[in-house]
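Remarks on the structure that follows.
The numbers here are math on the coordinates, done by the rules we state, and not lab data. Since the model is a prediction, treat every value here as computed from it, not as a measurement. A quick note on method: Cβ atoms are made from the backbone with ideal geometry, for glycine too, and the neighbour counts reach across all protein chains shown.
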Amino acid sequence: MLGFLQQPVMVTAEVNLNMVALTAVGLLSRLWQLAYPRAVVFDEVYYGQYISFYMKRIFFLDGSGPPFGHMLLALGGYLGGFDGNFLWNRIGAEYSSNVPVWSLRLLPALSGALSVPMAYEIVWELGFSHCAATGAALLLLIENALITQSRLMLLESVLIFFNLLAVLSYLKFCNSQKHRPFSPRWWFWLVLTGVACSCAVGIKYVGVFTYLLVLGVAAVHAWHVIGDQTLSNVRVLCHLLARAAALVVLPVLVYLLFFYIHLLLLCRSGPHDQIMSSAFQASLEGGLARVTQGQPLEVAFGSQVTLKNVFGQPVPCWLHSHQSTYPMIYENGRGSSHQQQVTCYPFKDVNNWWIVKDPGRHQLVVNNPPRPVRHGDVVQLVHGMTTRLLNTLSGHPRGLRDPALPSLDIWALHATSALSSPPSAIPGSGNPRGSSPFCPHSQSRHDVAAPLSPHAQEVSCYIDYNISMPPQNLWRLDIVNRESDTDVWKTILSEVRFVHVNTSAILKLSGVPLPDWGFRQLEVVGEKLFRGYHESTVWNVEEHRYGRSQEQKERELELHSPTQVDISRNLSFMARFSELQWRMLTVRSDDSEHKYSSTPLDWVMLDTNIAYWLHPRTSAQIHLLGNVVIWASASLATLVYALLFIWYLLRRRRRVCDLPEDRWLRWVLAGALCAGGWAVNYLPFFLMEKTLFLYHYLPALTFQILLLPVVLEHISDHLCRSQLQRSLFTALVVAWFTSACHVSNMLRPLTYGDRSLSPSELKALRWKDSWDILIRKY
Amino acid sequence: MCGTTVCRVLSHVLLDNSLGDGLADTILVCFMEMRKEVQRGWDETHFGKMGSYYINRTFFFDVHPPLGKMLIGLAGYLSGYDGTFLFQKPGDNYEHHSYMGMRGFCAFLGSMLIPLAYLTVLELSRSLSAALLTAALLTFDTGCLTLSQYILLDPILMFFIMAAMLSMVKYNSCANRPFSAPWWFWLSLTGVNLAGALGVKFVGLFIILQVGWNTLSDLWHLFGDLSLSMVTLGKHLTARILCLIVLPLALYIATYAVHFMVLNKSGPGDGFFSSAFQARLSGNNLHNASIPEHLAYGSVITVKNLRMAIGYLHSHRHFYPEGVGARQQQVTTYLHKDYNNLWIIKKHNSNSDPLDPSLPVEFVRHGDIIRLEHKETSRNLHSHYHEAPLTRKHYQVTGYGINGSGDSNDFWRIEVINRKFGNRIKVLRSRIRLIHLITGCVLGSSGKVLPKWGWEQMEVTCTPYLKETLSSIWNVEDHINPKLPNISLEVLQPSFPEIMLESHMVMIRGNNGLKPKDNEFTSKPWHWPINFQGLRFSGANDTDFRVYLLGNPVVWWLNLLSIALYVLSASVFAVAVQRGAHLPVEVEGLSQVLLRGGGQLLFGWMMHYFPFFLMGRVLYFHHYFPAMLFSSMLTGLLWDTLLRLCAWSLASYPLARCVHVLGILSLLLGTAYSFYLFHPLAYGMVGPLAQDPRSPMAGLRWLESWDF
């Protein structure tokens, strides 16, 4: 029982000094003078503001990537005791003393440093020599672009770290699969693969490409497991289930976890609230929650409400009306109803209040007990400040309208006409009689088209001019997200459409800003062509109170006062997650051209650079500029790999085996992960329409660099036939590596920005005309 | 009805005897009510018009390659259509114009889809019932029917796609007799059809990729066969290169040659093309033009951007609206020729009239500082430190000043690319840049379309980034100067490859330019397989004659179910094979049909569907129809195979046969009945909308998004 005491307690440690040394120099290269420059460098200005939001726990929305990356950076700020008080507005601004620059930059720098020993491990796990593995690590170590990127508060180095971690742990998992499946070690690496993939995706969406690559390789390996007839069916099933759980289910859960933490941290309302739905906003502290807290839940006849459009494009806005009327005649000669304007207004305003009225009664107050409005009820909407009714006009309720328009409109002028503006595009040639394709509704039919969307009906607040246009102000309530047909209209939660009873047009935000006469507010129309579901036709009640005042004066006072009464509501995590994720994917970023933007074709041969920072007085500067020798040779290695691979493949098909089977498999796996990693991280950029920068290429480059020593070792082992050739080749490789080190050293001042160079030195460094190196003019 | 008889005869020739008249009659479905509708529906406005252009030989521009429209034009020509109908607005009556030829041609190709699908599935599955089921699915699909009734490119495109698929499948079955006559026949026919598909729309590329993939795997298979010598392999490779690359390419180029040969008159498409291109067209002012060669002060010119499909520098008497930079006159680019494109070159420092005969002619030279005055409004081309309306990082360009007197922001330095300072500037040939003197920015067009206030013309900006891109390079096209002698510019005519290249660039740019506008309801690819929403062909209100493009929901949802079922059953078989299970001979055969034949069809469906997810251009419901053909074929093959498997698992033979026959029959009858229900969509309906109980379609609006 105490047998273990009979043996001495032994600890055997195997230390791979290569690894230790690589880690040490990696740390040295990335952490040296990390807090310099003490100024905002390039995209730090972008990430910094989100760190401040995290520190202050204010909700924000960033369409560029999932929250994990931002959270990691914020963790650095948290550890350094950052209070979030810094104005991130200008590249080059000096950091104030409360900003812990060193700890903010620490995590990316550590990730960059640890990528170096990981490269060593990956090449070793792929089955190549220690020499090749060390070579790969050293190349990553001296790659200037990677050093620059990891020394700043940016996310690429963290992304690369997790990409490499995913590949490394998958390789470790694969290698333990051969010996002891289902051992703790096997499980550890399998789970780590899934977690690392999910972290990579959580930092930037592009991480998904590496994840798909790993999944693809895993699927091929799983297919081999299925084909392994020495395993029992149950065993195969266990293998498949374990992989599915660790590589599919687990990453999804971890990804959700990021959002969970994100939403847990950001609990206060902030500048991006407006983009989110009312329900989401109500779940944040302050902001809308303060306003809506305690509103009555069920909308009743007599309720006073503000109606927000669910689509929120181009900006979130509320249904609005005001005293001004539509102009009699528009610029293009079409006439209007000259009724009171109804618009959508992106700011809170007392004119956004509407009263839900029962068409059968005159009162504008809520009964006691309140009579809730249900799906399918017919209502009138009374504008609170002017007591006019929401109305849309069509002279003939049965609708004798011009049939010509819809096909033209829906089919969107199929091809050429979208390009070539029709002759009427020549200014000033608008058709005064209103019979051009843009205004098909002739006035004689009383059918009034909306000011800017002539295929739809105008929506107005009805003024009784005592002419032959009777009011048509009945709207049927259609609750879109109802559970049953008798559902009650609920504040915030219900998404409703208003269907005009006479014409079955639907109240819709067209999103077009009106001209000056409409104060540039957004146009609201009655859509009669498209009756399917679209978010721009859906509205929800945001602010709500039961109206109590009979008199208009009192009512106006009531409209000005904030809402009261108490009920609280909560949105489930999944609902908040799905809304946030959807908004993040659809939020439109400014894809304007940038001075340093580039195209994917510029990247392979490093035809571009990015100036990150310039010292305010001297000409010390930091550039994202790679080691040209490494970039060129890595691209060349990829090409050589591809050619050799095709050559071997064709010869194997003709039963000529140049490589032994295990060597061949090793060669294929190295290609699948390294060349494949390069391809999946590079090629998709050709299809992307957003603004691209050189740093987008760095993940691909890392994989390409891993391939370089693999190809070199292969050439030395298999293509050099004699000892002499091999020695010659080795000498060449040494010479090449020395030149790479030399180049790296020459570019060092631009990488660290620690030394001010003279204009002539800077000019000498401008090896390509397309490089943009900043030279001060004195 | 001569069309119907021709159709009947042809279908008898083409179809197997086993089919009998049944299927032949179904083809007539397409023709049945075609004559009734004399109104033009929907997109006929475009393709009908383009047919007329061929007949009238006027040059036009379209984003699609020319073959489809040429065929329509030919059909119209042969049937006596004279090209005089205007095709202005959907819904106009044809009156006396002979449109039946063009419609009949499209309808005929549309009905040919059914026999083609029938033969393809027959070849892949060797089962008559599978082929019949497929044919029935396509016959009874209202969507295919509607689409083939009108003058559109889609029936032509689908015909070529299906014909290519059929010939590829046929040639695959000839693989055991390489270099025999049928082998050559089907191989070259594949090539011909590929050229046809690509020549109608660029979507034809997908079937080319499919055939390419099939050929590669075929070659790979042959390459692994050690009994074949390298010489034989070389022959195989050469045959494929000849028939699948050289032949289609030659035919494709030939269609363009015919296109350019036929269209030799100036027409509405001129402005899309470069100045050199226009010189080919008779009637264009550059055709055999003689204009002054060198630019001089006082010349009236038009300036054209060198990037394709940007157009001419343009201004008009309208201001930028409030909030968009300074409230000065708009400057845009415009694709059409217009008097507002005219500008006068003036010296920056004197306002004297250079056309005064007493003054000597003074040429503009590279590096000169000039002022460009808009001829109609007498305002100067102007730029300043205000952000441009759309491209915020650039500066705004406006028209400024009164009667030509402005300020120093009107001064531009004119530079010729790759020339020495002091050289004269040549009309048409010199590539020039205009550099704003004070801000140092370059005049360019961003190619973005301005909103309504800018009449949807394109934005002109002054870009501070001096990267040399085509969008900031211009050339002078028209040039009027009474003091200079005119010189003939015959030499300019571009060669045929240059024309080909240019027209492709313009088409590709045109295609990319078809972006959905903000807040426009657009069709999304995920809508399509679930038949989420149709397209109105004509009529919207309850009193109109309405035709609505919507797939037969029974067929489409069956297709959708079948894809899922196929993936499931195919993976079960694949795993079983991989696990080394021994299947009985019958099941083995069926699994081969499922994996090989079904695999090809599934691949075809994916190739014709998934790429649309990556496209940025405007998408329409009808883009799904080629994919839908593949998915219907898959459905036919799958259900037949599954029913056979089901029958096989039942022990006794008569029962088994009964199950199979009953299954097929119920599917056939089900689709036929659903067609009976939904046929008014295609043949047109009058009466109230579907939500009204008196409507002919009452109760059939199964999805709320269908708006018929």
**Q.** Part-to-part distance (alpha-carbon centres) for the stretch B:597-635 and the stretch B:383-455, which is given in Å
**A.** 46 Å
**Q.** GluC sites (Glu not before Pro) lying in DSSP loop within the stretch B:289-395, provided at most 11 other Cβ fall within 10 Å
**A.** B:322
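Can you pull the Rg over Rh of the stretch A:180-273, Cα-only, Kirkwood? Display every interim value, and only then the final one.
Numbers: Rg = 17.0 Å, Rh = 15.0 Å.
Result for the stretch A:180-273 is an Rg/Rh of 1.13.
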(Q) On alpha carbon coordinates alone, what is the Rg over Rh value for the stretch B:38-180, Rh being the Kirkwood radius? (A) 1.08
Q. Using a Cα distance threshold of under 27 Å, what count of lysine pairs results for the stretch B:383-490 when pairs must be 8 or more residues apart or interchain?
A. 8
Q | Over the protein assembly as shown: Kirkwood hydrodynamic radius from C-alpha pairwise inverse distances, Å | A | 36.9 Å
**Q.** Longest DSSP-loop-exposure-free segment, GluC sites (Glu not before Pro), chain A, at most 16 other Cβ within 10 Å
**A.** A:15-330
**Q.** Principal semi-axes in Å for the stretch B:579-703 [√(5λ), Cα gyration tensor, largest first]
**A.** 36, 25, 9
**Q.** Rg to Rh, two decimals, where chain A supplies the alpha carbon set and Rh follows Kirkwood
**A.** 1.07
Q.
Percent of Cα-Cα pairs more than 50 Å apart in chain B, please.
A. 28 percent
(Q) Loop only by DSSP, 13 or fewer other Cβ within 10 Å of the Cβ. Give me the trypsin sites (Lys or Arg not before Pro) in the stretch B:376-418 that pass, ordered by residue number. (A) B:392
Q | Bins of 5 Å, starting at 0 and running to the largest distance - Cα pair percent for the stretch B:379-481 | A | 2, 13, 20, 22, 22, 15, 5, 1, 0
Q. For the stretch A:702-733 and the stretch B:92-153, what is the separation of their C-alpha centers, rounded to whole Å?
A. 61 Å
Q. Roughly how tilted is helix A:67-79, in degrees to the nearest 10 and between 0 and 90, from the longest Cα axis of chain A?
A. 70 degrees
Q: For residue A:83, put the label point 7 Å out on the Cα→Cβ axis and report which residues of the stretch A:95-128 keep their amide N under 12 Å from it.
A: A:97-99
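For residue A:663 and residue A:572, calculate 0.36 nm times their separation in residues minus their Cα-Cα distance, and state this gained length in nm to one decimal.
Numbers: separation 91, 0.36 × 91 = 32.76 nm, distance 5.33 nm.
Separation in residues times 0.36 nm, less the Cα-Cα distance, equals 27.4 nm.
Mind pulling the per residue volume of the convex hull built on the Cα atoms of the stretch A:1-124? Å³ is fine. Walk me through the numbers before you get to the answer.
Numbers: hull volume 26.3 nm³, N = 124.
Taking only Cα atoms, the stretch A:1-124 has a hull volume of 212 Å³ per residue.
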(Q) Could you tell me the calculated FRET efficiency between residue A:734 and residue A:690, based on Cβ-Cβ distance and R0 = 51 angstrom, to the nearest 0.05? (A) 0.75
Q: Could you give the DSSP H helices of chain B that reach 20 angstrom or more along their long axis (alpha carbon positions) and whose average Kyte-Doolittle hydropathy is no lower than -1.0?
A: B:100-125, B:154-173, B:181-200, B:204-223, B:247-262, B:496-513, B:553-578, B:625-649, B:653-683
Q: Take the eigenvalues of the Cα gyration tensor for the stretch B:175-325, scale each by 5, and report the square roots as semi-axes in whole Å, largest first.
A: 52, 20, 14
Q: Could you pull the Cα extents of the stretch A:679-769 along its three principal axes, largest to smallest, in whole Å?
A: 48, 40, 22
**Q.** CD proxy at 222 nm, helix term only [per DSSP H run n ≥ 4: -39500 (n - 2.57); per residue of the protein assembly as shown; nearest 500]
**A.** -13500 deg cm²/dmol
Q) What's the local net charge at residue A:659, with K and R +1, D and E -1, over the other residues with C-beta under 11 Å away? A) 0
Q: With label points built 7 Å along Cα→Cβ from the Cα atoms of residue B:438 and residue A:551, find their separation and express it in nm.
A: 6.1 nm
Q: For the stretch A:643-679 and the stretch A:36-110, write down the distance between their C-alpha centroids in whole Å.
A: 45 Å
Q) Mind listing the Cα extents of the stretch B:245-369 along all three principal axes, in Å, largest one first? A) 62, 45, 27
Q. Taking the Cα-to-Cβ direction at residue B:652 and at residue A:760 and moving 7 Å from each Cα, how far apart do the two end points lie in nm?
A. 10.6 nm
Q: Compute the FRET efficiency between residue B:677 and residue B:524 as 1/(1 + (r/R0)^6), taking r as their Cβ-Cβ distance and R0 = 22 Å, and round to the nearest 0.05.
A: 0.25
**Q.** Pairwise label distance in nanometres, residue A:232 with residue A:57, each label 7 Å out on the Cα-Cβ vector
**A.** 5.4 nm
Q) How big is D for the stretch B:104-253, in µm² s⁻¹ as a whole number, if Stokes-Einstein is applied with the Kirkwood radius of its Cα pairs at 20 °C and 1.002 mPa s? A) 132 µm²/s
Q | Restricting the stretch B:65-166 to trypsin sites (Lys or Arg not before Pro) in coil, as DSSP defines it, with at most 16 other Cβ within 10 Å | A | B:126
